[in-house]
Amino acid sequence: MRRLCLFILAAVLSPGTNTFVGAAAAETGRMPWFFVQGLKIDTTSLLPVPDPLSGSNPEYPLVSTSVPDLGAPFQDPHFHTTLTRVTGGGFLRHEYSRFDPFNTDQSRILLLNIESGFAVYKGEALPYELESNRVMAMLDLAEPRWDPRDPDLIWGFREFSIMTVNVQTGSATMVKNFKNDSKIGSIIAAETDLFRIATRDEGESSCDKRYWALAFQGSDLDYALRYLFTWDRQQDQVLGLYSISAEEREIDWVGMSCLGGFVLIGGDPLNGGNLTGLTMANRELDRFHRLDYGTAHSDVALDADGKEVIVMQNVRTDYVDLIPIDWTTLPILNAGENCEGTNRTPLIRLYYASDNPDSFGSGIHISCNTPGYCVISTYIGPGEPERNWLDRTNVLVELNRNDPNVFYLSKVHNTTQEYWEETHATITNDGSKVL
């Protein structure tokens, strides 16, 4: 059982503001997180949220404090979780809530400077951005992601190729060049405005890097995605190919489910054809099913039973839902509908009620990297009052369909003016840290 502690991370925020990072005591060794059976986070010292499905819960207003010293642990005054500030400031942060920035043994961390791009740093000495911690810059590699087993290896894209880079040696290896693929190479040759493969930054391969759901992007048609395809790395085989019609091109992201069972397409609710709203598909891309009205902040996950799900903000009901990636799951299409009969589990109510003094005034991000758990973080704009129990608060959710408990983690000190100032809290794959 893992004990979850929290730290504070100063990232790409305004001077004097910060977000947070968390750490745990136990170690996983080199075992990939998705093979760890019965992984449990010790929540006995965390404060439960009494009724997450209510708009009203005990409120813990932010306590004003000075910027904490680098590397000096301190306690959240309400929740008594331990926090530590691990970066100085400026324009350096982790990329996004959906991705674990640490490698598998947590000896290195991948961080993003919004002016100069990605770089790898040693993950032990503080602050992380010390020049002596810098391992290498990740130049000319799009969507970099750590390997689940090898702590030295990062995966990413370069034009039409899947690449790996060894951060210890600096050597790059081409895993697959789709220009040379017998099934789809001719498309690249014929449609000369196509310029890269991508997930649109938010998708991922299956956790073991076997199955990939990707898109071809072109410079014509306002840089719209033009084709979806799936690739089995083990067999070196393109399993499915789908031409995206003009009415289907509003797509936020594309990726695989955690275990590689399904493709997920973050479609717009106004799309037509097969890609309306959040959509699942088989690996052959010849069967599609709408999971929800639209696509909002979310993360793919494994629930407490090890089943493939996605946790997403529901823009029709203002709840955060656990949505099974299953052909029997039904979308909620109309505002105010309940989830009965849809196969989903509501986790938290987002009480967006402008005429109520207790209404929720923050935005959220979702991170479900640890099997059976997710972290929901909040961000709020300048001058916005803290009215609801969830405002300026980060919480941990157990992804148990029968008993989805929620726990207070920490308060949020940063105030958001730009997208990159948003909290974007991310829990590590092994459940040991929240950044």
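Quick notes on this structure:
Yes or no, residue by residue, for (1) under 28 Å from Leu322 (Cβ atoms); (2) touching a Leu at 6+ places or on another chain (Cβ under 7 Å); (3) modelled with pLDDT under 65; (4) in a helix (DSSP H, G or I):
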| site | (1), (2), (3), (4) |
| --- | --- |
| Cys5 | yes, no, yes, no |
| Glu59 | yes, no, no, no |
| Val63 | no, no, no, no |
| Glu95 | yes, yes, no, no |
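So that you can scan it fast, the table gives a plain yes or no per residue for (1) in contact with a strand residue (DSSP E or B) (Cβ under 8 Å, 6 or more places away or on another chain); (2) farther than 18 Å from Thr279 by Cα; (3) in a loop (DSSP other than H, G, I, E, B):
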| position | (1), (2), (3) |
| --- | --- |
| Met136 | yes, yes, no |
| Met174 | yes, yes, no |
| Leu214 | yes, no, no |
| Leu221 | no, yes, no |
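- Failed condition for Cys207, given (1) surrounded by fewer than 20 Cβ atoms within 10 Å (Cβ to Cβ); (2) outside any strand (DSSP E or B); (3) not small (Gly, Ala, Ser): (1)
- Taking segment 276-309 as the range and being closer than 11 Å to Asp252 by Cα and either free of Cβ contacts under 8 Å to residues at least 40 places away in the same chain or part of a loop (DSSP other than H, G, I, E, B) (or both) as the test, the residues that pass are Gly277, Gly294, Thr295, Ala296, His297.
- Hey, Thr104 modelled with pLDDT under 95 and either over 21 Å from the mean Cα position of the chain (by Cα) or closer than 30 Å to Trp155 by Cβ (or both) or not: no
- In segment 118-127, residue farthest from Arg93 (Cα to Cα) [restricted to those that are of a type outside the set (D, E, K, R) and modelled with pLDDT under 95]: Ala125
- Any hit, segment 190-201, residues being within 19 Å of the chain's Cα centre (by Cα), of a type in the set (Val, Ile, Thr) and not in a strand (DSSP E or B): yes
- Selection from segment 272-308 of residues that are over 17 Å from Ile364 (Cβ atoms) and under 17 Å from the mean Cα position of the chain (by Cα): Leu302, Asp303, Glu308
- For Arg149, the test of being at pLDDT 95 or above, out of contact with any Phe, Trp or Tyr (no Cβ under 8 Å at 6 or more places or on another chain), under 24 Å from Arg233 (Cα atoms) and not hydroxyl-bearing (Ser, Thr, Tyr) is passed.
The values are calculated or read from the model by the stated rules, or taken from the named source; none is laboratory data. All figures in this text were calculated on a predicted structure; none of them were measured in a lab. Cβ atoms come from the backbone with ideal geometry, glycine included; neighbour counts cover every protein chain shown.
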